[in-house]
Structure formats: structure tokens, C-alpha cells
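One structure is given below, encoded as C-alpha cells.
The values are calculated or read from the model by the stated rules, or taken from the named source; none is laboratory data. Model, not experiment: these values are computed from the prediction. Counting neighbours? That spans all protein chains shown, and the Cβs are built from the backbone with ideal geometry, glycine included.
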Amino acid sequence: MKLNPQQVQKVAKLANIPVSEEEVEKYSDQLSKILDYIDQLNSVDTAGVEPTFNITGLSNVLRDDEVGESLSQEEALKNTSQKKEGFFVTKGVFEEG
Amino acid sequence: MKYEPVIGLEVHVELNTKSKMFCRCFADYFSKEPNTHTCPICLGLPGALPYTNKEAITKCIQIGLALNCKIVDLSRFERKNYFYPDLPKGYQISQYRWPLCVEGWLEVEDKEGNVSKIRINRVHQEEDTGKLTHSDGQTLIDFNRSGVPLVEIVTEPDFTDPSQVKDYAKKLQQIFRYLSVSNADMEKGDMRLEANVSVRPVGQKELPNYRVELKNINSFRFMTAAIEYEIKRQIEALEKGEKLTQETRGWNEDKRETYLQRSKEEAHDYRYFPEPDLPELKMKSEEERVKEEMVELPQAKMQRFVSEYGISKQNAQVLVELKEVGYYFEKAVKLGEAQQIKPQELANYIVNQKITLASQDQVLRAVEFIAAKRVGIIEDEAVIKKIVLEVIKKNPKSVEDYKRGKLNALQALIGGVMRKTQGKVNVEKVMVVLEKKLKSGDTP
């Protein structure tokens, strides 16, 4: 299956990764190869096989509504490069909700 | 050509659980220091695994049952993938193909009093995002709200008038408050409305091929105004031969008009897939348990008030508007019984005086007021003291209960005084004397 440049652009946009013209070319090729590899799975006949969403076979694993310990503000912000007055900071985005 | 509106509603409500949806962080984020209620799970740190809050699921099911939904046999969480700074994992855990509750309905009234049934497509469980604040070209993020349980309620596009939407939203808010699942305060963002509005020629069966989403509108009044404006705008556009497209609009209260926020040139692509970290939910068997724990809902309470107390429907409607008022009305009815005060008298009094009956005091005052209209009220404190002491002497158990902090005990004692005097006594004075006696330990 061959991914065209538009599709690569779309995937890049969904992944929020900027790509250059050359990269689109390069990834188009690489991603197509990955898809071909995965496509081998289609050679197996799965008619009548239930899809597996979860391999534990468990259901209703629930916890009681009890409050536990949280990280301190300092700990929470420890790994961010940009912070201000206890907030994480990112470049401005428009509120789109 | 005549046009008719086609309106559907999506309502988000934040649940008031103690802990968050998938972690044990404290869920109440209102006016707290930013980023003080977070952990690896709600910050989306690598390797963290979600653990579902049972209480949130119970509350989601309660909402579903209150809206006449079916609880499904098998429900699953899915990942809704998109990038936005308020979403640390890069996906929101939500429900898409396997919501907890489906196919419900709610009756709404339009401004003329016509009743119609609005179909509920689904009631599903998800989690809230972090809170963004925009300042000086920067965006500040607080993740205290990240992962707070959120329930989404989606209707079919069954509304044909803005007044129905308002009634629906108010009824939902009332149900949330009756069930005590949320404070449902619009201004605080506990409850959020989104309306999908389009118009079609009268007689057309198919849905229009576009819809305008009205978002970020935080009051019933503004939402109604925005929908009214949108219907007018869209009809005018169609009459001019313009083509309407999918877009998101907000409400400008100063200009009293909607404005374009985002045109949807490309449809969202959320790539939903089942959340592999969370086992499936089989909650059908819990339905009966949840039902038993549920309080009487406003509609049922209203009907019961009419049949049990013989009061008018209009009065009953006012009395059930707030859960507390209904509760205290029934208490007042009980207290009034001793003095042959009819429920209808109390209902009239409460409704006419616009009493909100927020406290025990007001209940007593209402009963007293009606009783006082009859003659021979005992006002003399010395006489009241004597009666109070007699009642105290005869009810050692209530006195014991009171000392152990049971507030009902006080009421029982007051009831005793009322019976002894056939209700012809100043209740406020009785309360003062009683409390003084009980607190001073001046009891037999």
C-alpha cells in the first residue's frame, strides 16, 4: 500500500509533527513499507474470530472513591522547561474548547 | 418557504466524586493552587495506568436511569486522540462505540406548555481536561482538573424550539442536583452546554446537510438567545440563496449575536480505539442496586405530592423545584398534622410567600403562621416554660438523643409541645426555651 504525500501530511498533522517537503517524500516511502509489513496480517483468515480488545479477560475492575496522595506542585513541574507561578507554560493557543 | 429548526444538545456534567476518574487525586479543583492535585496518571506520564473510580460509574448509571436509558450489557472505554495542551496524554479516555447508557428520553415543555419527548442517544463516561489560561501570548496550564469525572449526555436532534432546550437544560440540572451527582453550576463550568443548530424546510424529513455547533456558552439565557439568533441568521442566509456549512460559533453577549469560531473544513479525525489499559465494564447486573440507592426524582415527587397531599399540580411543581423545599414541605406537613393544618394550606403559603424553606426554622415558622391564624396562641413565656418542662420530663429518650447530637430529637420535643397545646403556641418562643433548657442541662 502506497501512502501519497497528502496522506503523509495528514498523519503528520494528526501527530502534531511538522515535516518538510523532503521529509514527506522520505516518510511516504518508509511508512508505506511499514504498512506493507503490517499488511501481512491480512493473509490470515479471521472470519468468525472475535476482535480482542483486552487480553486480561477481566471486567469491572473498579476502585472505591478514596483520595490518595498527589505530587507536590514542585514535583509536578519538575520536568518542564517552562513554568510560571505554579503553571505549566506553553506558547499561546487559541481557546477552541 | 417556511423553515423549521432542528436542534440537538450535548451536555457535559462534572461529577462531584472525591477522587478523580482514573486516579486517587483529589477531584475538587475549584480555587486551589495550580498543579497541586496531580499524579503520574492525570499528568499522562509514561507508564502510568488508569484505575476506574466505581462511584463515578455508579453516578453515570444513575444519570442514565434518571433519563430512562437502558444500561448496556457491555461497555468499554476508548481513546479519543487529539493534540491540545490541556490534554497531557494526547488522548482523552472517553466512550464512543460502547457507551454505558443508551436510548433514553426526557419530556420537555415549550413556552406554550406543549409537552414533547426528546430522545437521549447516550449517556457516557469520560474525563475532563486541564484548565488553560491565556495571557500575554502565552498559555498557562493547570492540571488539577485533568481527569475529573465527566459525563456526557447526547440527545437526538429532536428539539424544534429554543424554549424546549431551556426546559431540557433546567430539568437536567435539577436531576443532577436531586441525584447529588454534581453541583451543576453553569458559571463554574460544572455543567456545559453545546447545541447543534440547523434549519430545514417544513415537511422535509431528512436532516439538513450541515450543522452549526454553538459552544462555550455558560448560561441558559445566553444559550437560548444564541439559538434564537442562529435560527434567524440561518433562515435569512438560506432565503438569500447562501449555502450553510459546518462550523462552530460562540455567543457575543454585548453585540447579542453569534460569531464564527472555527469552520470545519476537514472533519475531526479522533481515531477512537478501545483503551487497552482498562478492562471492559459489565454493569447491567448493577442496575437494580443503583436504582435502589436512587432518590425520588422531581417528576415522580411532583406526581406523588399531587396524589398523596391533594395539592395542585402548579404548587407541586414549585415545591419540587429544589430538593430541599420538597423535603421541608413534607416535614411541615407532618408537623402540621398535629394541628389539623392541611397540606394544601401549607403548600399555598409556601408558594405564595415564595419561601425557599431552606431551614428547619422556616418550616416551623410556616406551620406556626398558619396555626396563628387560629385564636388563642400562647405567648406567655412562663406558661411555655411550664409546658416545655412537662414535655421534657415525659420524653427522656428524646432528651438523651438530643444530647447525643441528634437534631431530630429537638423536633420531636417541639412536636410534643405542639400536641399538648393543640398547636396554639408561639413556636419560636418554644424553640428558645427548649434549647436553653436542654443546653443548661436543666432537665430531669
Point to revise | Residue that is surrounded by the most Cβ atoms within 10 Å (Cβ to Cβ) [pool: residues in the stretch A:59-71 that are in a loop (DSSP other than H, G, I, E, B) and within 7 Å of chain B (Cβ to nearest Cβ)] | key: A:Ser70
Exercise for review: Sort out which residues of the stretch A:25-58 are surrounded by 10 or more Cβ atoms within 10 Å (Cβ to Cβ), in a helix (DSSP H, G or I) and of a type in the set (S, T, N, Q), and write them in order of number.
Suggested key: A:Ser28, A:Gln30, A:Ser32
Check your understanding: In the stretch B:400-432, which residues are crowded, with 20+ Cβ neighbours inside 10 Å and over 15 Å from B:Glu368 (Cα atoms)?
Key -> B:Tyr402, B:Leu413
Practice item. Sort through B:Glu126, B:Glu152 and tell me the only one that's assigned to a strand (DSSP E or B) and either within 14 Å of another protein chain (Cβ to nearest Cβ) or buried (at least 23 other Cβ atoms within 10 Å of the Cβ) (or both). Key: B:Glu152
Review point. What are the residues in the stretch B:230-278 that are without any contact (Cβ under 8 Å) to a residue 40 or more places away in the chain, more than 26 Å from B:Val202 (Cα to Cα) and either away from chain A (no Cβ under 14 Å) or among the hydrophobic types (A, V, I, L, M, F, W, C) (or both), if any?
Key: B:Trp251, B:Asn252, B:Glu253, B:Asp254, B:Lys255, B:Arg256, B:Leu260, B:Ala267
Check your understanding: Which residues, taken from the stretch B:1-16, are surrounded by fewer than 24 Cβ atoms within 10 Å (Cβ to Cβ) and either assigned to a loop (DSSP other than H, G, I, E, B) or touching a helix residue (DSSP H, G or I) at 6+ places or on another chain (Cβ under 8 Å) (or both)?
Key -> B:Met1, B:Lys2, B:Tyr3, B:Pro5, B:Val11, B:Asn16
Practice item. Working only within the stretch B:73-89, note down all residues that are in a loop (DSSP other than H, G, I, E, B) and within 17 Å of B:Leu278 (Cα to Cα). Key: B:Asp73, B:Leu74, B:Arg76, B:Phe77, B:Lys89
Practice item. Please go through the stretch A:77-92 and pick out each residue that is in contact with a Phe, Trp or Tyr (Cβ under 7 Å, 6 or more places away or on another chain) and either at pLDDT 95 or above or within 7 Å of another protein chain (Cβ to nearest Cβ) (or both). Key: A:Leu77
Review point. So how many residues does the stretch B:75-127 have that are in contact with a Gly (Cβ under 7 Å, 6 or more places away or on another chain) and in contact (Cβ under 8 Å) with a residue 60 or more places away in the chain?
Key: 5
Review point. Would a scan of the stretch B:216-230 turn up a residue that is loosely packed, with under 13 Cβ neighbours inside 10 Å, in the same structural domain as B:Gln164 (by TED's automatic domain parsing) and under 30 Å from the mean Cα position of the chain (by Cα)?
Key: yes
Check your understanding: Would you call B:Arg79 within 11 Å of another protein chain (Cβ to nearest Cβ), surrounded by fewer than 22 Cβ atoms within 10 Å (Cβ to Cβ) and either within 21 Å of the chain's Cα centre (by Cα) or closer than 17 Å to A:Asn54 by Cα (or both)?
Key -> no
Check your understanding: In this structure, does B:Arg289 turn out to be outside any helix (DSSP H, G or I) and farther than 30 Å from B:Asn352 by Cβ?
Key -> no
Check your understanding: When the residues of the stretch A:33-57 are filtered to those that are more than 25 Å from the chain's Cα centre (by Cα) and either over 28 Å from B:Leu281 (Cβ atoms) or among the aliphatic types (A, V, I, L, M) (or both), which remaining residue is nearest to the other protein chains (Cβ to nearest Cβ)?
Key -> A:Val49
**Study point:** Counted residues, the stretch B:28-72 - those being crowded, with 19+ Cβ neighbours inside 10 Å and in contact (Cβ under 8 Å) with a residue 60 or more places away in the chain
**Key:** 25
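Results for (1) in the same structural domain as B:Leu413 (by TED's automatic domain parsing); (2) assigned to a helix (DSSP H, G or I); (3) at pLDDT 75 or above; (4) charged (D, E, K, R), shown as yes or no for each residue.
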residue: B:Ile311; (1), (2), (3), (4): yes, no, yes, no
residue: B:Gly326; (1), (2), (3), (4): yes, yes, yes, no
residue: B:Leu335; (1), (2), (3), (4): yes, yes, yes, no
residue: B:Asn348; (1), (2), (3), (4): yes, yes, yes, no
residue: B:Ile355; (1), (2), (3), (4): yes, no, no, no
residue: B:Val363; (1), (2), (3), (4): yes, yes, no, no
residue: B:Ala371; (1), (2), (3), (4): yes, yes, no, no
residue: B:Arg374; (1), (2), (3), (4): yes, no, no, yes
